[in-house]
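Asks: One structure is given below, represented as structure tokens, and several questions about it will come after.
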Amino acid sequence: MNPRTTKRLKLSGLNAAGVLVFLFAVFPVYWMVATAFKPNDEIFTTRFIPFPFAPTLDHVSRVLTKGVAGHSVWQYLMNSAVVALGTVLIGSIFALLAATAVARFRFKFRTSFLILLLIVQMVPAEALLIPLFLMVKRLGLYDQLLGLIVVNVGFTLPFAIWMLRTFVAAVPKELEEAAAIDGASRFETFWKVLFPLVAPGLVATSIFSFITAWNEFVFALTLINDQGSYTMPVALQFFTGQRSTDWGGIMAASTLMTIPVIVFFLLVQRRMVSGLVAGAVKG
């Protein structure tokens, strides 16, 4: 067979595999959005209906106006936003400082610390649920969003440190030494040289932390008792009753819940690209 033909066949096969993976990943999201706009007679049917033939805004309107469990859906979204943004802000600061220390300094038990980060990631979150509940309660943070933020930071921090460590280690030390020769202080070197170069990694870890905190359910259900302080994933359970499930309401609320994640990604993805080249030019 002609080598050019073989190359084209391999490329076509890879493209086809990519399309299949894309469809497999996107289909659940499409089905959620489509169901949110389907009337009840199209949802509760044995027929396969790939898209709404008679689109309706009844489910979305009902979720927005009547809320969930006596509270506005905006309140649940705001609680989720506070927890997710708080996790990103606090986690990013600590992760960047820790990653810089691990990548730039040599100290005792440095390797053990890195291995410990991986071990922490392997521990199931459910196994630590009771100890964390007792710890949060003793700290007086039970039934508070701050307690949930602290717990989420603890679970996203190991991955963030490990990921940022690679970005910090990839920055040549010569750039920092050149800035020091020009009279820059340690803080100026960190802020004006190192920080812009590791910004793409910081954005990537921020996206991971945001999505993890935004979708977290078990800790939010356990550490928050007041229904008005529930996050959006916990609020979704109120659409399920003992004898019936409001699938239209669940899909409408879930669709609304995905919008802030998309907005957050669109806001930070520009900085992810610009950070790749920022800070490397002296001037």
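Asks: For Ser229, are the conditions met, namely being more than 30 Å from His59 (Cβ to Cβ), in contact (Cβ under 8 Å) with a residue 12 or more places away in the chain and either more than 15 Å from the chain's Cα centre (by Cα) or surrounded by 21 or more Cβ atoms within 10 Å (Cβ to Cβ) (or both)? Steps first, answer last, please.
Replies: Numbers: more than 30 Å from His59 (Cβ to Cβ): no; in contact (Cβ under 8 Å) with a residue 12 or more places away in the chain: yes; either more than 15 Å from the chain's Cα centre (by Cα) or surrounded by 21 or more Cβ atoms within 10 Å (Cβ to Cβ) (or both): yes.
Against the criterion (more than 30 Å from His59 (Cβ to Cβ), in contact (Cβ under 8 Å) with a residue 12 or more places away in the chain and either more than 15 Å from the chain's Cα centre (by Cα) or surrounded by 21 or more Cβ atoms within 10 Å (Cβ to Cβ) (or both)), Ser229 does not qualify.
Asks: Using the structure shown, decide if Leu114 is modelled with pLDDT under 85 and part of a helix (DSSP H, G or I).
Replies: yes
Asks: Please verify whether Arg106 is within 23 Å of Gly201 (Cβ to Cβ), basic (Lys, Arg) and either assigned to a loop (DSSP other than H, G, I, E, B) or at pLDDT 90 or above (or both), treating the condition exactly as stated.
Replies: The answer is yes for Arg106.
Asks: Note down all Cβ pairs under 8 Å where the first residue falls in region 147-159 and is under 11 Å from Thr205 (Cα atoms), the second is open to solvent by 10 Å² or more (accessible area, probe 1.4 Å) and aromatic (Phe, Trp, Tyr), and they're at least six residues apart or on different chains.
Replies: Thr156/Phe208; Leu157/Phe94; Phe159/Phe208
Asks: Looking at Ala34, Ala69 in this structure, which one is open to solvent by less than 60 Å² (accessible area, probe 1.4 Å) and more than 24 Å from Ile211 (Cβ to Cβ)?
Replies: It is Ala69.
Asks: Quick test of your reading of the structure: Ala17 fulfils all but one of (1) open to solvent by less than 80 Å² (accessible area, probe 1.4 Å); (2) in contact with a helix residue (DSSP H, G or I) (Cβ under 7 Å, 6 or more places away or on another chain). Name the failing condition by number.
Replies: All conditions are met except number (2).
Asks: While we're here: Open to solvent by less than 70 Å² (accessible area, probe 1.4 Å) and touching a helix residue (DSSP H, G or I) at 6+ places or on another chain (Cβ under 9 Å): which single residue out of Val193, Val123 fits that description?
Replies: Val193
Asks: Can you tell me which residue within region 196-211, out of those that are of a type in the set (A, V, I, L, M, F, W, C) and within 12 Å of Ala160 (Cβ to Cβ), is most open to solvent (accessible area, probe 1.4 Å)?
Replies: Residues of region 196-211 that are of a type in the set (A, V, I, L, M, F, W, C), as a first pass: 197-199, 202-204, 207-208, 210-211.
Remaining after also requiring within 12 Å of Ala160 (Cβ to Cβ): 198, 202-204, 207-208, 210.
Numbers: Val198: 0, Leu202: 25, Val203: 18, Ala204: 27, Ile207: 27, Phe208: 69, Phe210: 9 Å².
Among those residues, the one meeting the criterion is Phe208.
Asks: Let me ask something additional. In the list Trp214, Trp162, which residue meets the criterion of being surrounded by 16 or more Cβ atoms within 10 Å (Cβ to Cβ) and within 14 Å of Ala99 (Cβ to Cβ)?
Replies: Just a single option satisfies the conditions, and that option is Trp162.
Asks: If the requirement is being open to solvent by less than 50 Å² (accessible area, probe 1.4 Å) and not small (Gly, Ala, Ser), which of these qualifies: Pro55, Pro50?
Replies: Numbers: Pro55 fails: open to solvent by less than 50 Å² (accessible area, probe 1.4 Å).
When all the criteria are applied, what remains is Pro50.
Asks: Any idea which of (1) farther than 20 Å from Thr255 by Cβ; (2) in contact (Cβ under 8 Å) with a residue 60 or more places away in the chain is the one Arg8 doesn't satisfy?
Replies: Every listed condition holds for Arg8 apart from (2).
Asks: Further question on the same structure: Looking at the structure I just gave you, is Thr156 surrounded by 18 or more Cβ atoms within 10 Å (Cβ to Cβ) and within 16 Å of Leu89 (Cβ to Cβ)?
Replies: yes
The values are calculated or read from the model by the stated rules, or taken from the named source; none is laboratory data. Here the structure is a predicted model, which is why all the values come from computation and not from measurement. Note that each Cβ is placed from the backbone with ideal geometry, even for glycine, and that neighbours are counted across all protein chains shown. Keep in mind that these areas ignore ligands, DNA and RNA; they rest on the heavy atoms of the full protein, side chains included. Shrake-Rupley method; radii C 1.70, N 1.55, O 1.52, S 1.80 Å.
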